[in-house]
Structure formats: C-alpha cells, structure tokens
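As structure tokens, the structure follows; a few thoughts come after it.
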Amino acid sequence: MTPVDYQKEQLDKLLEDPTKPVYIPDAPKKKEIAPAKEMFAHVQGSSAGAGSGEFHVYKQSRRREYDRVQLMEEERREEARAAEFEQRRREREAVAEAKTSKNRNRRNKRKQGKQDAKTKESNKEDDTEFKKRKIVGGTLPISEENSEKAPAVPVVEKTETPTVATENPITVVEDSSW
C-alpha cells in the first residue's frame, strides 16, 4: 500500500460519518527534567569507600545532571536561534518597508503630477507657454494675435559654417543677438 492509498483510505473512513468526532492528538510536550536534588537519601559515609552498590546511585544522579545541563544548553541555543531569526526578520521587514515606501512615494508623486497637469489644463485656456527657439533659414510665422506684438524674425544668414557635434547631429548656431 502506497502512502497515497493509505491517506485516501483514512480520508474515506473519516468522511463516512461526518458527525462523528475526530480524535486529534495533543501537541508534543516540551521536555522537562526535574531540578537537581539538594539532598540525597543515599549518602555514603566518610569512613569507608564507595561500595559496588553505590555505583548505580552515583551513575543515575550523574546521568540526571548531564541531562539537565544538556537541556539548559539546548534551551539557550534555541533562544539564540529565535533571537537571530527575529533580528533577520526585522531587517527584512525594514528593507521591504523601505522599498515599498520608496515605490509608494514614487506612485504618489506620479499621481500628484497627473492631478497637477489636469488642474493646470483646466485652469489655462489656450495660454500655453512656448520655449523660444531660433529658426535657422526661415521666418517665424506670425499669427493674427501676435501680429502687432512681435515683428517677423528675419532669416539669419551667417558667413561661418555651422558647427556640428560629431556624436549629436543637432546643428548648433552661435549667435549672441538672441
């Protein structure tokens, strides 16, 4: 019988009568050793050496003491592991929180920028800001609104050849009159 068949059989047996209570065993109890004895009932006298009968009493008390010390060491190691785990968990949470807060700030900034753009568009009615750009080899088109405000820009004719950057194909014109 495979483990899958065994588990299927157990589940089928449990599901035959759903009203029947199911026995769930208790969690395993933590190991505990009785504290070290302060008084021993079988104490050998000082007038004679230890007899062969006392050896087993000594061996049993020594084993109990070793078990008690081993259990204390195990508890100390477990506490150290738990403290180390908590520290690593807190560090991971701090890193995750920093990352999520960075992303949250970025999202909020983007969202605020979109809201600002919407309010700016609704507030301004065709009152757009333009960057001044110099037109090389042509004239500035004059709209009916700007006809009395600004005269037409004449064609710029230079005797020097324009400088062209090797890595950037944009023409650079040096003119201080602008």
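Each reported figure results from applying straightforward, stated rules to the coordinates on display, with no laboratory input. Here the structure is a predicted model, which means the values were calculated and not measured. Every residue, glycine as well, gets a Cβ built from its backbone with ideal geometry; the counts of neighbours run over all protein chains shown.
A few remarks follow.
- For the range 76-127, the residue among 103, 80, 119 whose Cα projects farthest onto the positive side of the dipole built from Cβ charges is 80.
- For the pair residue 87 and residue 24, a Förster radius of 25 Å applied to the C-beta separation gives a FRET efficiency near 0.15, rounded to the nearest 0.05.
- Taking one quarter of the surface of the convex hull spanned by the alpha-carbon atoms of the range 76-127 gives a direction-averaged projected area of 3.7 nm².
- Under a model in which nothing but the beta-carbon of Lys, Arg (+1) and Asp, Glu (-1) is charged, the range 76-127 shows a dipole of about 240 debye around its Cα centre.
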